[in-house]
Amino acid sequence: MTQLDKALEVKGLTKKYGDFYAVNNMSFHVEPGEIFGLLGPNGAGKTTIISNIVTLETPTEGDVLVFGHNVQEEPRKAKSLTGIVPQEIVNHGFFNLEEVLIFHSGYYGLSNNRDRIDFLIDRLGLKEHRHKKVKQLSGGMKRRLLIAKALVHSPKLLLLDEPTAGVDIELRESLWKFVQELRSDGVSVLLTTHYLEEAEELCDRVGIIHHGELRKIGPTNSLVKEFTQRNVSLKLKTAAKVESQFLIEQLQENLRFRIPSEMGLGELLHSAHLSLDDIDDMQIVEGNLEEAFLRVLGESKA
Amino acid sequence: MNKNLKWTPFMMLYWREVRRFSRVAVQTLLAPAVNTTLYLLIFGVSIGRAIKMEEGITYLGFLIPGLIMMGCLNNAFSNASSSVAGSKSAGELEDYKSSPLSSQQIIWALSAGGVSRGLLVSVVTMVVGELFYLNQHGEFLPINNVFLLFYFLLVGGFAFGMMGLSAAIWARSFDHLSAVGNFVLLPLIYLGGVFYSIDNLPGFWQKVSLANPLLYLINGVRYAILGVSDVSLGVSVLVTLIMLLVFLSISVWSLARGSFHRW
């Protein structure tokens with residue numbers, strides 16, 4: 001592991017099942033200390049990519065490197081640096097929460113990991129459940145346990161595979177806060193989600209994938225800028241005929257404009273021959289990631 | 001925080017296996033003890049009186065070593081296989097693959113878990129058997145060679161633990177797995193000479209029996225306890241060692257090629 005190594009590098013990854021390409025020639029990377037989001041509809045290939053990183057699947061072609069270690073050639077080094085929160089709940093019928101964390105620490109070579117386990121149990125609000133059997137826990141608690149498991153060995157790269165699927169708002173927000181905290185401690189995060197609000201809130205950069213292919217990649221806010229428009233609603237003091245190429249609707253003194261995301265309000269007013277004195281009220285709705293996402297998917301279908 | 005990827009993952013997974021079967025001791029230890037008692041009562045005591053054996057050996061004495069080995073093999077197999085099958089249905093098996101646990105660590109930890117349960121069942125069987133023997137013959141059944149007894153129990157237990165692990169890796173459901181137990185394992189065990197000496201079989205079936213590797217395990221234990229056996233000791237030691245290596249190879253191949261995914 002050197003200073004220059006990416007936290008994660010996926011190079012030309014292809015995974016075929018028979019004739020079906022689950023992932024097709026995918027390349028992207030995650031910088032150290034970055035939260036990177038992989039967005040895509042169900043079945044886009046997000047989980048297949050995660051499975052290839054932790055060697056649950058073997059690539060048909062291409063390489064995956066974690067901090068410079070090829071996961072196929074040096075699996076134990078790569079996996080020691082990686083923590084994974086799988087999409088589906090894992091049950092542990094025979095054991096209680098604390099035992100599960102002790103065993104899991106052991107799989108990562110840690111025999112005496114009491115301090116870290118106590119910290120995670122405390123931080124994730126699992127204290128009163130630590131001696132409960134896993135099957136007695138609620139869905140939300142089981143999900144917190146998955147996160148604790150992924151972090152027992154203080155990984156440098158955290159893979160979150162749709163961590164908030166089926167999770168209530170309170171837990172979702174506390175998870176987001178926790179992920180941001182981990183990032184500020186230097187953990188790099190790969191997050192897959194189809195909740196775009198989540199990606200917009202958390203991710204420094206996102207990649208949009210569809211049918212196993214990477215359609216667009218970039219910093220979250222520049223994707224939003226590139227693929228969305230601003231909606232501007234104006235209420236004039238008195239109704240007047242307005243002419244502008246950006247005008248989409250006029251109902252007497254109420255006007256609606258759609259302008260490019262880089263266009264300023266002054267420029268709009270100028271082009272429509274309006275001044276601030278004509279305006280009684282105004283509202284601007286900025287484009288969001290969801291809009292950008294739908295446009296990227298829409299363009300790629302065309 | 002001590003980090004040791006060489007031994008800790010193995011030790012922890014082995015410890016998990018022991019905890020798992022001790023949580024359900026009624027199923028894993030008491031049930032085999034009841035089985036053994038029934039076999040000894042029905043075959044060893046009541047039917048056994050009518051069976052003529054070689055000089056100096058009673059049918060009860062002949063049966064006890066067979067039951068000890070049978071208990072060990074059955075339990076080593078079912079411990080490893082039900083652990084893997086249970087972990088598959090819970091999604092836990094994926095944890096093994098995505099953590100730094102190596103294939104060798106998984107194989108040896110799971111089969112050692114099976115051996116531990118197998119040995120405990122063997123001890124229970126031995127104790128129950130000795131009590132029956134004392135009751136019928138007024139003395140305990142002596143053990144001819146303790147070292148050989150351990151050798152055959154360990155080799156057989158590890159081999160069957162590995163077999164259980166491999167079967168569960170390939171199985172697609174619990175039904176699939178129980179079919180392996182019922183159609184492969186059970187016939188091999190019963191035809192391996194637990195209840196009879198192959199000398200009593202017609203010539204053709206004697207030859208068929210010699211192809212069953214379990215015959216050598218069961219007769220190995222019989223030699224270790226009684227000092228007599230249907231096949232020579234050297235052949236038994238060699239065949240069982242080869243069997244262990246074959247099952248080790250099968251389990252390495254199974255973990256490399258089989259599925260860790262949840263059912």
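The values are calculated or read from the model by the stated rules, or taken from the named source; none is laboratory data. Quick caveat: nothing in here was measured; it's all calculated off a predicted structure. Every residue, glycine among them, receives a Cβ derived from its backbone with ideal geometry; neighbour counts consider all protein chains shown. The area values use the complete protein model at the heavy-atom level, side chains included, leaving out ligands, DNA and RNA. Shrake-Rupley method; radii C 1.70, N 1.55, O 1.52, S 1.80 Å.
Within segment B:187-208, is even one residue among the acidic types (Asp, Glu) and modelled with pLDDT of 90 or more?
Within segment B:187-208 (the criterion being among the acidic types (Asp, Glu) and modelled with pLDDT of 90 or more), the answer is no, since none of the residues qualifies.
Looking at segment A:220-242, is at least one residue open to solvent by 50 Å² or more (accessible area, probe 1.4 Å), under 30 Å from residue A:68 (Cα atoms) and either out of contact with any Pro (no Cβ under 9 Å at 6 or more places or on another chain) or in contact (Cβ under 8 Å) with a residue 24 or more places away in the chain (or both)?
Yes, because at least one residue in segment A:220-242 is open to solvent by 50 Å² or more (accessible area, probe 1.4 Å), under 30 Å from residue A:68 (Cα atoms) and either out of contact with any Pro (no Cβ under 9 Å at 6 or more places or on another chain) or in contact (Cβ under 8 Å) with a residue 24 or more places away in the chain (or both).
Among (1) in contact with a helix residue (DSSP H, G or I) (Cβ under 9 Å, 6 or more places away or on another chain); (2) in a loop (DSSP other than H, G, I, E, B); (3) surrounded by fewer than 21 Cβ atoms within 10 Å (Cβ to Cβ), where does residue A:42 come up short?
Of (1) in contact with a helix residue (DSSP H, G or I) (Cβ under 9 Å, 6 or more places away or on another chain); (2) in a loop (DSSP other than H, G, I, E, B); (3) surrounded by fewer than 21 Cβ atoms within 10 Å (Cβ to Cβ), only one is false for residue A:42: (1).
Among the residues of segment B:70-78, is any under 30 Å from residue A:142 (Cβ atoms) and not in a loop (DSSP other than H, G, I, E, B)?
Yes: segment B:70-78 contains one or more residues that are under 30 Å from residue A:142 (Cβ atoms) and not in a loop (DSSP other than H, G, I, E, B).
So residue A:203 clears everything in (1) under 15 Å from the mean Cα position of the chain (by Cα); (2) open to solvent by 50 Å² or more (accessible area, probe 1.4 Å) except one condition, right? Which one?
Condition not satisfied by residue A:203: (2).
Given (1) within 25 Å of residue A:293 (Cα to Cα); (2) in a loop (DSSP other than H, G, I, E, B); (3) more than 7 Å from every other protein chain (Cβ to nearest Cβ), where does residue A:36 come up short, assuming only one miss?
That leaves (2) as the condition not met.
Go through A:243, A:262, A:286, A:291 for me and flag whichever is farther than 30 Å from residue A:198 by Cα, at pLDDT below 90 and either out of contact with any Leu (no Cβ under 8 Å at 6 or more places or on another chain) or hydroxyl-bearing (Ser, Thr, Tyr) (or both).
Details: A:262 fails: farther than 30 Å from residue A:198 by Cα; A:286 fails: farther than 30 Å from residue A:198 by Cα; A:291 fails: farther than 30 Å from residue A:198 by Cα.
Answer to the selection: A:243.
Considering each of A:102, A:89, A:121, A:169 in turn, give the residue that is at pLDDT 95 or above, under 27 Å from residue A:202 (Cα atoms) and among the aliphatic types (A, V, I, L, M). Outline the logic, then answer.
On the way: A:102 fails: under 27 Å from residue A:202 (Cα atoms); A:89 fails: at pLDDT 95 or above; A:169 fails: at pLDDT 95 or above.
Of the residues listed, the single one that is at pLDDT 95 or above, under 27 Å from residue A:202 (Cα atoms) and among the aliphatic types (A, V, I, L, M) is A:121.
Considering B:86, B:56, which residue is at pLDDT below 95, surrounded by fewer than 20 Cβ atoms within 10 Å (Cβ to Cβ) and out of contact with any Asp or Glu (no Cβ under 9 Å at 6 or more places or on another chain)?
The match here is B:56.
Go through segment A:195-245 and count every residue that is hydrophobic (A, V, I, L, M, F, W, C), part of a loop (DSSP other than H, G, I, E, B) and over 17 Å from residue A:279 (Cα atoms).
The qualifying residues number 1.
All but one of (1) free of Cβ contacts under 8 Å to residues at least 24 places away in the same chain; (2) under 22 Å from residue A:299 (Cβ atoms); (3) open to solvent by 50 Å² or more (accessible area, probe 1.4 Å) hold for residue A:254; which doesn't?
Residue A:254 satisfies every listed condition except (2).
In contact (Cβ under 8 Å) with a residue 40 or more places away in the chain, open to solvent by less than 50 Å² (accessible area, probe 1.4 Å) and at negative phi: which single residue out of B:91, B:161 fits that description? Break it down stepwise before answering.
On the way: B:91 fails: at negative phi.
Just one listed residue meets the conditions, B:161.
Going residue by residue through segment A:105-113, is there one that turns out to be under 17 Å from residue B:99 (Cβ atoms) and surrounded by fewer than 22 Cβ atoms within 10 Å (Cβ to Cβ)?
Scanning segment A:105-113, I find at least one residue that is under 17 Å from residue B:99 (Cβ atoms) and surrounded by fewer than 22 Cβ atoms within 10 Å (Cβ to Cβ), so the answer is yes.
Which number in (1) within 18 Å of the chain's Cα centre (by Cα); (2) more than 14 Å from chain B (Cβ to nearest Cβ); (3) surrounded by 14 or more Cβ atoms within 10 Å (Cβ to Cβ); (4) farther than 30 Å from residue B:11 by Cα marks the one condition that residue A:177 misses?
Evaluating residue A:177 over (1) within 18 Å of the chain's Cα centre (by Cα); (2) more than 14 Å from chain B (Cβ to nearest Cβ); (3) surrounded by 14 or more Cβ atoms within 10 Å (Cβ to Cβ); (4) farther than 30 Å from residue B:11 by Cα leaves (3) as the failure.
Condition test on residue A:124, is it surrounded by 19 or more Cβ atoms within 10 Å (Cβ to Cβ) and in contact with a Leu (Cβ under 7 Å, 6 or more places away or on another chain)?
No.
Could you tell me whether segment B:219-235 includes any residue that is under 19 Å from the mean Cα position of the chain (by Cα), open to solvent by 10 Å² or more (accessible area, probe 1.4 Å) and under 16 Å from residue B:74 (Cβ atoms)?
Checking segment B:219-235: not a single residue is under 19 Å from the mean Cα position of the chain (by Cα), open to solvent by 10 Å² or more (accessible area, probe 1.4 Å) and under 16 Å from residue B:74 (Cβ atoms).
Can you run down the residue pairs with Cβ atoms below 7 Å, 6 or more apart or on separate chains, where the first is in segment B:1-26 and in contact (Cβ under 8 Å) with a residue 12 or more places away in the chain and buried (at least 21 other Cβ atoms within 10 Å of the Cβ) and the partner is charged (D, E, K, R) and assigned to a helix (DSSP H, G or I)?
Cβ pairs passing all conditions: B:21/B:117.
Given the conditions (1) of a type outside the set (Asp, Glu); (2) buried (at least 19 other Cβ atoms within 10 Å of the Cβ); (3) within 14 Å of another protein chain (Cβ to nearest Cβ), and given that residue B:36 satisfies all but one, which numbered condition is not satisfied?
Only one criterion in (1) of a type outside the set (Asp, Glu); (2) buried (at least 19 other Cβ atoms within 10 Å of the Cβ); (3) within 14 Å of another protein chain (Cβ to nearest Cβ) is unmet by residue B:36, namely (3).
Sort through B:9, B:32, B:100 and tell me the only one that's modelled with pLDDT of 90 or more, in a helix (DSSP H, G or I) and on the phi < 0 side of the Ramachandran plot.
Answer to the selection: B:9.
Looking at segment A:270-283, which of its residues are surrounded by 14 or more Cβ atoms within 10 Å (Cβ to Cβ) and either over 12 Å from residue A:233 (Cα atoms) or basic (Lys, Arg) (or both)?
Result: A:271, A:272, A:274, A:278.
Can you tell me which of (1) under 13 Å from the mean Cα position of the chain (by Cα); (2) away from chain A (no Cβ under 14 Å); (3) touching a residue at least 12 places away in the same chain (Cβ under 8 Å) is the one residue B:123 doesn't meet?
Failing condition for residue B:123: (3).
Among the numbered conditions (1) within 23 Å of the chain's Cα centre (by Cα); (2) outside any helix (DSSP H, G or I); (3) within 12 Å of another protein chain (Cβ to nearest Cβ), tell me where residue A:146 comes up short.
(2)
Determine the pairs where a residue that is within 14 Å of another protein chain (Cβ to nearest Cβ), located within segment B:238-263, has a partner that is in a helix (DSSP H, G or I) and hydrophobic (A, V, I, L, M, F, W, C) with Cβ atoms under 7 Å apart, the partner being 6 or more residues away or on another chain.
These pairs meet every condition: B:255/B:106; B:255/B:107; B:255/B:169; B:258/B:169; B:258/B:170; B:259/B:169; B:260/B:93.
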